[in-house]
Every structure is written in C-alpha cells, then in structure tokens.
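What follows is a short report on a single structure.
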Amino acid sequence: MLSRLSRSSNSVRLISTRASLAAAASKNQVLLSRHVPEVDPEMYEILQGERSRQKHSITLIPSENFTSKAVMDLLGSEMQNKYSEGYPGERYYGGNKFIDKAESLCQKRALEVFGLDPDQWGVNVQPLSGAPANLYAYSAILDTGDRLMGLDLPDGGHLSHGYQTASGTKISFISKYFQTMPYRVDPKTGLIDYATLELTSKLFRPKVIVAGASAYARELDYNRFREIANSCGAYLMSDMAHISGLVAAGVTESPFKYSDIVTTTTHKSLRGPRGAMIFFRKGIRKVTKKGKEIPYELEKKINFSVFPGHQGGPHNHTISALAVALKQASTPEFKTYQKQVVENARVFGEELIKKGFKLVSGGTDTHLILIDLTPLGIDGARLEAILERLNIAANKNTIPGDKSALFPSGLRVGTPAMTSRGFGAAEFSQVAAYIEIAAKLAARLKNQESSDNKDSRSKLDNFKQLCHDSSEVQCLAQEISEWVGQYPVPGEI
Ligand code: PLP
C-alpha cells in the first residue's frame, strides 16, 4: 500500500516537473522567436533611427554602399549559428555539410567573378574585414621586423599599409610588427611618385610593396608597381578594397595580372556584406638563372595565417551572404551599375570644378573624388560637420602634405552608395550644388566663431553649435531630407 502510494506520489512529482520544464521550455521558445520590437524596444528605436538616417541622407562616403535584400537575408540567417573552424572538408567541428558547400561556392564565385583560373589562383574568404586581412597576408610572408612599403596615409593610403607619423609614432600596429616605409604622391600633380618609389625601394629593399589606396582618385599603374617590385625582389600585394566592384565589372584595370597577392574588403564598391578576401597565386613564382623553379607556396601560408594563425571560427553567415553578392556581381546589371558609378563620379567632379572647387590630381578615373579645401579657407572637419547637419554624409580626409588627420584640408566623396539608390548625372549635379552652398555657409559660420575658443576642438564644437542654431542650415537640411527620401533604399523593409 505504502509503496504504491509513494510510487504514485513520485509519478505526480515527475509529471509536475515535466510540466514545469515544458512551461519553461515554451517560455524560452517564445523568447527565442520574438522579433526585435517586442524583445528590445530600446534597440529597435535605435535601428529605426539609423534606417531613417540612411533613407534621408545623401551618402557620399566612398567606402560605403547599400547591400541587397538577398545579402541581408543571409546575414540574418541560421548560417550564423554554426562553428566551423578549419576549411571545407577539414573542420574541427561536426555538422558542417552545408557550411562546407557555402564556403566552397563562395570561393568558386570569387575566382569566377574576377576571371581567375583556379589552377593559378586561390582565395581565402574567411577574413573578418579589410585591415585584419592585410595583417594576415603580411604575416603569411613576412617575419616580424621584415620590411614593407605602402602609400602614406596623408597621401591616400590606408592605416593597414603601415602608417606611422612623420615624427615616427607608430599609429598602425603593422608598423610595430614590421618595418614600414611609405611612398608618396607628387604634391604638384597629386599622382603617385613612382620614380621616387623605385629609388627608395632599392635602398629599403622591402619584402612587400602594397599597391592600393583609400583616397586616391586615379587608376594605379600596376605594371609599374610590378617592375619596381621585381627590381627589389619584393612581393606585390594589391589592396583593391575600394575598387573591387569596379574590377569585377571590368570598368577599371584589374590588379590580378601583375600581383602576387590581392586583398579586398567585400562591402565597398563590391556591395556585399562586411568582410574581406585574400587572393593568392599558385604555381611557380620564378625560375632561377640555373633553371630552378621556385614555387609560390602562398596557399598553405595564407590559409594558416587566417586560421589558426589569427582567427577562430569563420562567420558563415557573412561567407554565405558574400557568395550571393558575388553572384550578383557577375550579372550584366552589376556591370551597368559600375559604369554608372564611374560616370557619376566624372560628372560630379566636373560640376565641382565648375563651381570653383579644386580636386587633388585634377579629377577622377574611379568612384572617388578628393577635394582640396585649402583655397576656400575651411577645413575638412568643418565641412564634414555642416554637411552632416544638412543630411549629407561625407568624410574629412587628409590631402598630400597634411599634418593633422583630425583637421585635414580635404573632403573625400564618392558615388557607389547613391548610385545604388538610383542617382544619375542630374542628381550628382544637384549634390555638387548643395556642397557649394554648404562650403559658403561654412566659411560664413566660421567667421562667427567666438575668439574665446583657444584649442581646435572647442573651436569645432563652437562651429557645430552655430550650424545647429542656423535657420538657413535647418531649412536646407529639411529640403535635402525630403529630396533624398524619395529615392528607395535597397533592402528597405
Ligand atoms: N584597405 C583599404 C584600401 C581600405 O580603404 C580599407 C577601409 O576603408 C581597409 C583596407 C580596411 O577595411 P576594414 O575597415 O574592413 O577593416
């Protein structure tokens, strides 16, 4: 009797435990399946704010773009739940059947879109972003303390090409790990000074020369870079982050013919998710005078440098999204888009020149324009600030000879993002007109700054306050917001 009773009370307890577990599990399910507005209204409000800012701003930052709905779908997909350290077919985790397929597809499309023969080139699609990708590539072929040359930051290079200040402060850690020496542009022409690079590279004897830029509006002479690299025995690494969309579409010279390694981000003109790729040559690097073949051996070194050298699990949602972006980049529509990007930049540049602006190098061959503000008596920081108030996102930039990155003399603008939203020549002429008004307003407001401000920061804060209080600025900001808001944002919900 007693044992029957205790058995039945045990099963009652078991049933009630199961019931509470099921209730907890279903609460958990509910929590997991709710959307952002329900789960986190505070974050949702921030998201809505950013959505609205993007829709009602003219995005002129040349490294930004609007990716597609299909790319966004994969970025927010189940692919992000999986760990898959290693490479397709050689993972340190189980359950990677589909992840392997996604990464292999991405690699295949990456080679195809740039017209590369898989016997000659390989690609690593796992780097999380552009600056890390450059570090991984250098580390694959350099020992710490080895030498590298890249375009100086004030002259248009990127931090990850080894920036240190004129006084020797090593801003980028690349210049702590390796010895870095810059090459520059000719201050008179704004074009890369290949002759001096040739001379200095023979003295410095770098192991790597980086061809690539963040703020250079002209095509690079890769053939010249190749000759210079050959003359000092260096690898030529091209960082095509800014122009990879243009290269994929064939509207600018491709670096692949001349380079040993090519790195790129995937979210700029290529219009994919935030990420990066490292392409490397396979096969024979050179044949010695005695006829001995020296192989590249980059594949193993670069793959090892990415994982396990620097990264852990790859971001599979990004890699899957990138595969989709690369498919989109191989379409005729993408080629038309990139032609329009370059045409828009040409028109935009010409309109700016007509309005009296001076452009570094006198114009553009690409998606990007670098404006030299010195003749206008305003700096890039102030112009960027007033443009932001006016709902125009551009960025201050150093120009050749600049000392300060915080108060540089240039403004960098570009066309990929707004071309994605349907802007053509007429719209970019209008944008040039807005920039002209902004520059005039900025010069006037600068004159109204209080003389009590001693340092540059408080002067800029004062300037921002004057912009904020100006009814002319407010009126124009409203006009611009309404105008640009009519152009759809790709991927808009
Ligand atoms: N390389 C170049 C030429 C760039 O312009 C940039 C960024 O603008 C990078 C590398 C770094 O990319 P990320 O910001 O993804 O690290």
Query raised in the report: Of the residues Leu151, Leu197, Leu191, which single one is within 23 Å of the chain's Cα centre (by Cα), buried (at least 19 other Cβ atoms within 10 Å of the Cβ) and either in contact (Cβ under 8 Å) with a residue 40 or more places away in the chain or within 13 Å of the ligand (Cβ to nearest atom) (or both)?
Result: Leu151
Report task. Identify all residues within region 294-304 that are surrounded by fewer than 20 Cβ atoms within 10 Å (Cβ to Cβ) and touching a residue at least 40 places away in the same chain (Cβ under 8 Å); write none if there are none. Result -> Glu299, Lys301, Phe304
Report task. Go through region 174-208 and give me each residue that's more than 24 Å from Arg412 (Cβ to Cβ) and either assigned to a loop (DSSP other than H, G, I, E, B) or in contact with a Ser or Thr (Cβ under 8 Å, 6 or more places away or on another chain) (or both). Result -> Tyr177, Phe178, Met181, Glu198, Ser201, Lys202, Arg205, Pro206, Lys207
Report summary line: The residue from Arg412, Arg382 that alone is among the charged types (D, E, K, R), farther than 24 Å from Arg184 by Cα and either outside the structural domain of Arg271 (by TED's automatic domain parsing) or under 19 Å from the mean Cα position of the chain (by Cα) (or both) is Arg382
Query raised in the report: So Ile386 clears everything in (1) within 20 Å of Gly362 (Cα to Cα); (2) buried (at least 24 other Cβ atoms within 10 Å of the Cβ); (3) not acidic (Asp, Glu) except one condition, right? Which one?
Result: (1)
**Report entry** region 230-283 - residue that is farther than 23 Å from Met418 by Cα and among the small types (Gly, Ala, Ser) and, of those, nearest to the ligand (Cβ to nearest atom)
**Finding:** Ser238
Requested in this report: Please work out which residue is nearest to the chain's Cα centre (by Cα), limiting yourself to region 244-284 and to residues that are aromatic (Phe, Trp, Tyr) and either buried (at least 22 other Cβ atoms within 10 Å of the Cβ) or not in a loop (DSSP other than H, G, I, E, B) (or both).
Outcome: Phe279
Query raised in the report: Somewhere in region 216-226, is a residue buried (at least 24 other Cβ atoms within 10 Å of the Cβ) and either more than 22 Å from Lys339 (Cα to Cα) or touching a His at 6+ places or on another chain (Cβ under 6 Å) (or both)?
Result: yes
Query - Filter result for Lys396 (farther than 20 Å from Ala217 by Cβ, of a type in the set (D, E, K, R) and surrounded by fewer than 24 Cβ atoms within 10 Å (Cβ to Cβ)) - result: no
Query - Per-region count, region 413-434, residues out of contact with any Ser or Thr (no Cβ under 7 Å at 6 or more places or on another chain) and either among the small types (Gly, Ala, Ser) or within 19 Å of Gly377 (Cβ to Cβ) (or both) - result: 9
Requested in this report: Name the residue, out of Leu135, Leu105, Leu111, that is away from the ligand (no atom under 15 Å from the Cβ), of a type in the set (A, V, I, L, M) and within 23 Å of Lys257 (Cα to Cα).
Outcome: Leu111
Requested in this report: Only residues in region 442-461 that are closer than 22 Å to Ile392 by Cα count as the first member; pair them with residues that are polar (S, T, N, Q) and part of a helix (DSSP H, G or I), Cβ under 9 angstrom, at least 6 apart or cross-chain, and list the lot.
Outcome: none
Query raised in the report: Conditions: (1) within 16 Å of the ligand (Cβ to nearest atom); (2) of a type outside the set (Asp, Glu); (3) at pLDDT below 95. Thr165 meets all but one. Number of the miss?
Result: (1)
Report task. Keeping to region 119-132, report how many residues are within 10 Å of the ligand (Cβ to nearest atom) and over 17 Å from Gly272 (Cα atoms). Result -> 1
**Report entry** Single residue of region 138-148 satisfying the filter (in a loop (DSSP other than H, G, I, E, B) and out of contact with any strand residue (DSSP E or B) (no Cβ under 8 Å at 6 or more places or on another chain)) that is farthest from the ligand (Cβ to nearest atom)
**Finding:** Asp143
Requested in this report: Of the conditions (1) touching a Phe, Trp or Tyr at 6+ places or on another chain (Cβ under 8 Å); (2) part of a helix (DSSP H, G or I), His468 clears all except one; give me its number.
Outcome: (1)
Query raised in the report: Is at least one residue of region 305-322 aromatic (Phe, Trp, Tyr), part of a loop (DSSP other than H, G, I, E, B) and touching a residue at least 12 places away in the same chain (Cβ under 8 Å)?
Result: no
Query - Odd one out for Arg281, checked against (1) on the phi > 0 side of the Ramachandran plot; (2) touching a Ser or Thr at 6+ places or on another chain (Cβ under 9 Å); (3) charged (D, E, K, R) - result: (1)
**Report entry** Residues that are among the small types (Gly, Ala, Ser) and out of contact with any strand residue (DSSP E or B) (no Cβ under 7 Å at 6 or more places or on another chain), drawn from region 150-171
**Finding:** Ser160, Ala166, Ser167, Gly168
Query raised in the report: Is it the case that region 73-96 has a residue that's within 16 Å of the ligand (Cβ to nearest atom), under 30 Å from Gly424 (Cα atoms) and not acidic (Asp, Glu)?
Result: yes
Query raised in the report: What are the pairs, 6+ residues apart or on separate chains, where a residue within region 258-279 that is under 17 Å from Ala211 (Cβ atoms) has its Cβ under 6 Å from a residue that is within 11 Å of the ligand (Cβ to nearest atom) and among the charged types (D, E, K, R)?
Result: Thr263/Asp239
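The values are calculated or read from the model by the stated rules, or taken from the named source; none is laboratory data. From a predicted model like this one, the values you see are computed outputs, not experimental measurements. Backbone-built Cβ (ideal geometry, glycine too); neighbour counts: all protein chains shown.
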